[in-house]
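Before any comments, here is the structure.
The values are calculated or read from the model by the stated rules, or taken from the named source; none is laboratory data. Everything numeric here is computed off the predicted structure, so don't read it as measured data. Heads up, the Cβs are rebuilt from the backbone with ideal geometry, glycines too, and the neighbour counts pull from every protein chain shown.
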Amino acid sequence: MALIKSISGIRGIIGGTQGTHLTPQDIVECTAAFGTWVLQHHKDKKSKVVIGRDARISGAMVSQLVSQTLIGLGIDVVDLGLSTTPTVELAVTDEHAQAGIIITASHNPKDWNALKLLNHKGEFISAKDGEDVLALIHKGNIKYAGVDQLGKYRLDGTYIAKHIQKILALPLVNKKAIQDKAFKVVVDCVNSTGAISIVPLLEKLGCKVTVINGEMTGQFAHNPEPLPQHLHELSKAVTFHRAHLGIAVDPDVDRLVFISDDGEPFGEEYTLVAVADYVLQHKVGNTVSNLSSTRALRDVTEKRGGRYESAAVGEVNVVAKMKELKAVIGGEGNGGVIYPDLHYGRDALVGVALMLSSLAAFGKPISFLRRRFPDYTISKTKLDLPSGVNIEQVLNGLYNKYIRFKDCELNRIDGLKISFKSDGNWIHMRKSNTEPIIRMYAESTSVVIADNLINKMNADIYEIINEERIKLAES
């Protein structure tokens, strides 16, 4: 599928035909629906929307379509130009805007782009609001403004600098200690806006920075998802330059991963764990991550006297649970750090500053810091299902099978997660929103055990499918 319209916005491959790919018509249609939704919810004031984009090739074209559509609706536009997802989120509240649109397909390849939709708090819109926007897309009949009511446009490139200043002002960011250490850091900017955000932040913190893939061409030097198999160049650069650490971000700079001084991956799941441990040393409190994230966060939280809870997958769900629990930090195991003292959004910049503060206090290499945390392994896969299989029925069948075992703790807030009390292992299964598949994540202290757990669930799933087919045939 090359075009996906969902409650979080619209994304797809640039080019092709309307309705099947992300074409100018689809971009205008989605923007017009979202702009109409904004106007309906803020009738008492002139509406303003903040927009910004990553460096992918289609960004300028998509940005112009978005801004001109909003202007045509009578909405003022503040355009940050090349920016980051967390910077746009912060700018929405700083500008007292009614909404925001981030033009990025995050870790997707260069031929993809997307519109990510923010509310007046600079947070992703809720599922209910997303459904309302989708309804407006399908309904059409958008009413545009007359010539005297057109919106105004302003380009403002100051917000990354403002973002950095907000981070440097945070009490837990120990600027002096970091400067005294003079960390040598290699940064992989994947030819996007990490070059104008992560790099200047590090320079402000007194780091000696080596940049790779730092030209904002949108021609991603490798698969832009910051996973170990895509970061061999960074790993080699860290050891070659004898750096203290390496940093990789995705194109819109909301995901953050580290490479240790020995060239080994720190582990994307452990970005949040390490940063949270540092925060919890200074501020006892609660934490949140999604159901598919490592239990190491629970371990460090409880060790520091706090309470951990999990949320359904998706940043909007994590944020809602964080607010409910009054969490001091949270995020997602894909390298997403959410620090409420700054804002409620995944933010690689604040993650970098807090991690360097932690390292400065720790006084030893980052590879030693990694050894302080429990060593878990997560296996991830997907199970393609036969045509016509009802995924909810399959998950219900698994629930009924495992609810009988006292050792099992079951969670149904997002698919089905089965946690085993005796050894702490778990497996999370959830249906894809775009494909007839079940996404599966399993964690253990051993990759072999995690893989075996997935294989066991695969067998259970096909047993349930066959049982359902027999029942159907007998009826």
Checked against (1) touching an Asp or Glu at 6+ places or on another chain (Cβ under 7 Å); (2) aromatic (Phe, Trp, Tyr); (3) touching a residue at least 40 places away in the same chain (Cβ under 8 Å), residue 308 satisfies every condition except (3)
If I go through the stretch 1-58 residue by residue, how many of them are at pLDDT 95 or above and of a type in the set (Ser, Thr, Tyr)?
5
Could you please give the count of residues in the stretch 4-58 that are assigned to a strand (DSSP E or B) and β-branched (Val, Ile, Thr)?
7
Which residues, counting only those in the stretch 182-201, are in contact with a helix residue (DSSP H, G or I) (Cβ under 7 Å, 6 or more places away or on another chain) and in contact (Cβ under 8 Å) with a residue 60 or more places away in the chain?
183, 185, 186, 187, 188, 189, 196, 197, 198, 201
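Rundown of residues vs (1) touching a residue at least 24 places away in the same chain (Cβ under 8 Å); (2) crowded, with 16+ Cβ neighbours inside 10 Å; (3) in the same structural domain as residue 201 (by TED's automatic domain parsing); (4) touching a His at 6+ places or on another chain (Cβ under 7 Å), yes/no style:
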| residue | (1), (2), (3), (4) |
| --- | --- |
| 355 | yes, yes, yes, no |
| 360 | yes, yes, yes, no |
| 364 | no, no, yes, no |
| 398 | yes, yes, no, no |
| 404 | no, no, no, no |
| 410 | no, no, no, no |
Here the residues within the stretch 35-68 that are out of contact with any Leu (no Cβ under 9 Å at 6 or more places or on another chain), under 21 Å from residue 196 (Cα atoms) and surrounded by 22 or more Cβ atoms within 10 Å (Cβ to Cβ) are 56, 63
Looking at the stretch 165-218, which of the residues that are of a type in the set (S, T, N, Q) and surrounded by fewer than 19 Cβ atoms within 10 Å (Cβ to Cβ) is nearest to residue 359 (Cα to Cα)?
179
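Out of all the residues in the stretch 391-400, is one or more aromatic (Phe, Trp, Tyr) and either more than 30 Å from residue 461 (Cβ to Cβ) or not in a helix (DSSP H, G or I) (or both)?
Of all residues in the stretch 391-400, those aromatic (Phe, Trp, Tyr) come to 399.
Subsequent filtering for residues that are either more than 30 Å from residue 461 (Cβ to Cβ) or not in a helix (DSSP H, G or I) (or both) retains none.
Taking every residue of the stretch 391-400 in turn, none turns out to be aromatic (Phe, Trp, Tyr) and either more than 30 Å from residue 461 (Cβ to Cβ) or not in a helix (DSSP H, G or I) (or both).
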Out of (1) surrounded by 14 or more Cβ atoms within 10 Å (Cβ to Cβ); (2) of a type outside the set (Phe, Trp, Tyr); (3) assigned to a helix (DSSP H, G or I); (4) outside the structural domain of residue 270 (by TED's automatic domain parsing), what's the single condition that is false for residue 440?
(3)
Between a first residue in the stretch 202-229 that is in the same structural domain as residue 167 (by TED's automatic domain parsing) and a second residue that is part of a strand (DSSP E or B) and charged (D, E, K, R), which pairs have beta carbons less than 6 Å apart while being 6 or more apart in sequence or on different chains?
208/184; 212/188; 213/188
Per the filter on the stretch 330-342, residues hydrophobic (A, V, I, L, M, F, W, C) and over 15 Å from the mean Cα position of the chain (by Cα) are 342
Consider residue 238 carefully, then state whether it is buried (at least 24 other Cβ atoms within 10 Å of the Cβ), not polar (S, T, N, Q) and not in a loop (DSSP other than H, G, I, E, B).
yes
When restricted to 418, 413, the only residue closer than 30 Å to residue 267 by Cα and part of a strand (DSSP E or B) is 418
Testing residue 93 on (1) at positive phi; (2) in contact (Cβ under 8 Å) with a residue 12 or more places away in the chain, one condition comes back false. Which one is that?
(1)
Residue under evaluation residue 460, criteria (1) under 27 Å from residue 374 (Cα atoms); (2) touching a residue at least 24 places away in the same chain (Cβ under 8 Å); (3) part of a helix (DSSP H, G or I), criterion not met:
(1)
Flag if residue 310 is buried (at least 20 other Cβ atoms within 10 Å of the Cβ), outside any helix (DSSP H, G or I), among the polar types (S, T, N, Q) and under 25 Å from the mean Cα position of the chain (by Cα)
yes
Qualifying positions in the stretch 102-123 - under 18 Å from residue 250 (Cα atoms) and of a type in the set (A, V, I, L, M, F, W, C)
102, 103, 105, 112, 114, 115
Applying the selection to the stretch 284-307, what residues are assigned to a loop (DSSP other than H, G, I, E, B) and touching a Gly at 6+ places or on another chain (Cβ under 7 Å)?
284, 285, 286, 292, 293, 294, 295, 306
Restricting the stretch 316-340 to residues that are in a helix (DSSP H, G or I) and not hydrophobic (A, V, I, L, M, F, W, C), the residue that is surrounded by the fewest Cβ atoms within 10 Å (Cβ to Cβ):
324
When restricted to 457, 429, the only residue under 17 Å from residue 312 (Cα atoms) and surrounded by 14 or more Cβ atoms within 10 Å (Cβ to Cβ) is 429
Examine the stretch 382-395 for a residue that is within 16 Å of residue 428 (Cβ to Cβ), within 24 Å of the chain's Cα centre (by Cα) and surrounded by fewer than 16 Cβ atoms within 10 Å (Cβ to Cβ), and state whether such a residue exists.
yes
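Being without any contact (Cβ under 8 Å) to a residue 24 or more places away in the chain and under 24 Å from residue 122 (Cα atoms) is the filter here, so list the residues in the stretch 2-46 that pass it.
26, 40, 43, 44
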